[in-house]
Amino acid sequence: MLTCDAGLPLLDARVTSILSAQVLDRSRTDFGGFVSQGVAGGTGVGQVVPLCYAYLMEGSVHYRSAELLERILLGAGFGRRVRRESGLFDLVETNFDSAPDTGFLVQLMSPVVAAAREAADDEGAGEIAGALGELIRTATPGMAAGGFHTPNHRWVLVSALAQARVLFPDLDVMDTIEAYLAETIDINADGEYTERSTGVYNAVCNRSLRIAAEALDRPELLGPVRKNLELSYNLLHADGSVITSVSRRQDRGQRTVPVGLADTYYALGRMENNGFYAAVADWLFDLEPGGLPWTLHPFLEHPEWREDTLKREALPESYRKVFPVSGLWRVRRGRLSATVASGITGAFSLKYGEAELSAVTVYASYYSTGQFVGEDFRESEDGIRMMHPGRGWHYDSPGYFHPLGEPVIQSQWEEARWNRRFTPVPPLSMDLTVKEVEGGFDLRIQADALDRVPLQFACDFAPGGELDLDGGAMQGIAGQTVFLKSGYAIYHVVDDAITIGPGAFAHRMWRMRGSEQAPQGFRVLITLVTPADRILEVRCGAWSAATEGILKSDD
């Protein structure tokens, strides 16, 4: 359960780790800084923030520690020395004199300065407020003038500028804030932000808008946050990990329990007396204790929330939901959760307990245009239907170019391509229908156009399990591929199992041209040729070592 008392021991352990990375040699130019990847970078001054939480929050073993205060002030001094003339800081991994990365830093420091000002009876708190407040004040003009890179940066900067304005009302930042907000919040009707970053930046956007709503007294900014929190719960598996295959950022394909969402779930739960939000926060924090210092942020700003009598709601574990704007279909049945997604190659994925079918992809060796990516996302009876139109890179369909009858020099090759006569061939369009059935799903692929075109289902499993099939068994090792020629295969991890089939063996293309490979997965291929009208049966249940089969579905 997410409580202040549960978070403080984690914070104390974090403090120990942070202090060990601080440079204490006064002869060094990075004295007072915090080393990460061999460098004490500018934005690393943010490491003082967990130290400040520990100093300010009663119950920490470091509460009002003189030693910790000295370390905090050393870190702030480092920050004053390494900031740029603009007042901004470097993210040495990639961005320099960076307004958005300074925005992240100010977003972190501002609650500490506000809380330190409230601790009027403690001289050390006053020193913290002065030292970090000066960094914030000096950075604010640079943040207002500096611009951004990615969509979420806008809301980070809005929240940071709004926080700075609350702390220092004389700062002239409202024109910049209004200019950002005039763009409107980049969220669709389903609750999905532009970056679709379920593992990282959804939490950043939600937190930033939540902070801005309070700092600017604009509760309407919480509307997008609620939308995304509702969507986010429906994208969680039974083990609390979230679907990242749809992300447009660096978290794509990574297994993540999004504990970064917990502080916003909890804060809105307390603000709105919402037992569902609070229950999700508890669940995420219990599964992945951490997310510091943000998971303690609600208690730093609202000490009264340490007493928590809010009644939690039971979290739904069985549902089927369509998100038509985002092109997503989610099914959860207890320990089973499945996803159909348009716009990506891994159109179907399923997780059952510890066993995970991370992607089912459909490929055809047809002019490099036969990699199924779903469009025309439509709800059908008990499922979803998508179409892949089979368009090419250069024209609306694959085909062949003709000679120009004039010189074409090497440097003009690409330009000349567009002047050539082009003979198209029929695109290989494909339809994929996914239907929920008892114990699992049926995936039906239909493809015709030209006959005798090689086609395949590629079923990529998360490695670490075992595959049993008629006449054999093998370990599921990353990077390995096996053909399912006939019958059914059962992939099981401990007692959790997923079965696929029936198999087919129309060709032996281990690496079909134009197909994506899965070096981190264990791949099972079922190979076909066109015309094709084939159903892949995917079922789940408990593995029996005695019968070497699935006992039952565990819906």
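The values are calculated or read from the model by the stated rules, or taken from the named source; none is laboratory data. Computed from a predicted structure; not experimentally measured. When we count neighbours, we look across all protein chains shown, and the Cβ atoms used for this are built from the backbone with ideal geometry, even at glycine. Quick note on the areas: whole protein, heavy atoms, side chains included, nothing else; ligands and nucleic acids left out. Shrake-Rupley method; radii C 1.70, N 1.55, O 1.52, S 1.80 Å.
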Practice prompt. Would you mind checking which residues have amide H under 5 Å from Gly476's amide H? H placed 1.01 Å from N; only 5 or more apart, or other chain.
Written response: Gly464, Gly465, Glu466, Leu467
Worksheet item: What accessible area per residue, rounded to a whole number of Å², is obtained for region 497-542 using a probe radius of 1.4 Å?
Response: 43 Å²
Worksheet item: So what are the ³J(HN,Hα) numbers for region 507-523, from phi and the Karplus equation (6.51, -1.76, 1.60; θ = phi - 60°), rounded to whole Hz, Gly and Pro as x?
Response: 7, 10, 8, 5, 10, 4, 4, x, 8, 7, 8, 10, x, 8, x, 10, 9
Worksheet, complete the sentence: From highest to lowest solvent-accessible area (probe 1.4 Å; ligands, DNA and RNA excluded), Arg64, Arg81, Arg196 read Arg81, Arg64, Arg196
Response to the item:
If the chain between Ala179 and Ala66 were fully extended at 0.36 nm per residue, the gain over the current Cα-Cα distance would be 36.4 nm
Item to complete: Quick one: net charge around Asn202, please, counting Lys, Arg +1 and Asp, Glu -1 for every other residue with C-beta under 9 Å from its C-beta.
Response: -1
Discussion item. What figure, in Å² to the nearest 10, do you get for the accessible area of Glu118 with a 1.4 Å probe and non-protein molecules left out?
Written reply: 150 Å²
Item to complete: In nm, give the distance between the simple-model label positions of Thr29 and Val408, each being 7 Å from the Cα along the Cα-to-Cβ direction.
Response: 5.4 nm
Worksheet entry | Total formal charge among the other residues, if their Cβ is under 15 angstrom from that of Ser515, Lys/Arg +1 and Asp/Glu -1 | +2
Worksheet entry | Portion, in percent, of the accessible area of the chain that falls on carbon or sulfur, probe 1.4 Å | 49 percent
Item to complete: Please list Trp329, Trp510 in order of solvent-accessible area, largest first, computed with a 1.4 Å probe with all protein chains present.
Response: Trp510, Trp329
Worksheet item: When the dipole is taken about the Cα centre of region 334-444, and only Lys, Arg (+1) and Asp, Glu (-1) are charged at their Cβ, what size is it in debye, to the nearest 20?
Response: 320 debye
Worksheet item: Can you give the angle from 0 to 90° between the axis of helix 262-272 and the longest principal axis of the chain, with both taken from C-alpha atoms, to the nearest 10?
Response: 70 degrees
Worksheet item: Roughly how many debye, to the nearest 20, is the charge dipole of the chain about its Cα centre, given +1 on each Lys and Arg Cβ, -1 on each Asp and Glu Cβ, and no other charges?
Response: 1500 debye
Fill in: Selection from Leu236, Ile177, Thr499 lying farthest towards where the dipole of the chain points positive, charges on Cβ
Thr499
Item to complete: Just list whichever of Lys227/Lys435; Lys351/Lys485; Lys227/Lys321; Lys351/Lys435 have alpha carbons separated by over 19 Å in the model shown.
Response: Lys227/Lys435; Lys351/Lys485
Practice prompt. Compute, for Glu123, the solvent-accessible surface of its heavy atoms (probe 1.4 Å) with the complete set of protein chains present, and express it in square angstrom to the nearest 10.
Written response: 150 Å²
Practice prompt. Note down the accessible area of Met509, probe 1.4 Å, to the nearest 10 Å².
Written response: 70 Å²
Discussion item. Can you tell me the length gained on complete extension of the stretch Glu317 to Glu220, counting 0.36 nm per residue apart and subtracting the Cα distance?
Written reply: 31.9 nm
Discussion item. With Cα Rg over 2.2 N^0.38 Å as the read-out, I listed [x] 1.02; [y] 0.96; [z] 1.13; which label goes with the value calculated from this structure?
Written reply: [z]
Worksheet, complete the sentence: Probe 1.4 Å, heavy atoms of protein chains only: per residue, the accessible area of region 148-276 in Å² is 35 Å²
Worksheet item: Where does helix 66-82 land angle-wise versus the long Cα axis of the chain, in degrees 0 to 90, nearest 10?
Response: 70 degrees
Fill in: Whole-number accessible area per residue in Å² for region 330-455, which is evaluated in the context of all protein chains at 1.4 Å
49 Å²
Item to complete: Arrange the residues Trp294, Trp155, Trp418 by how much accessible surface each exposes, largest first, with a 1.4 angstrom probe.
Response: Trp418, Trp294, Trp155
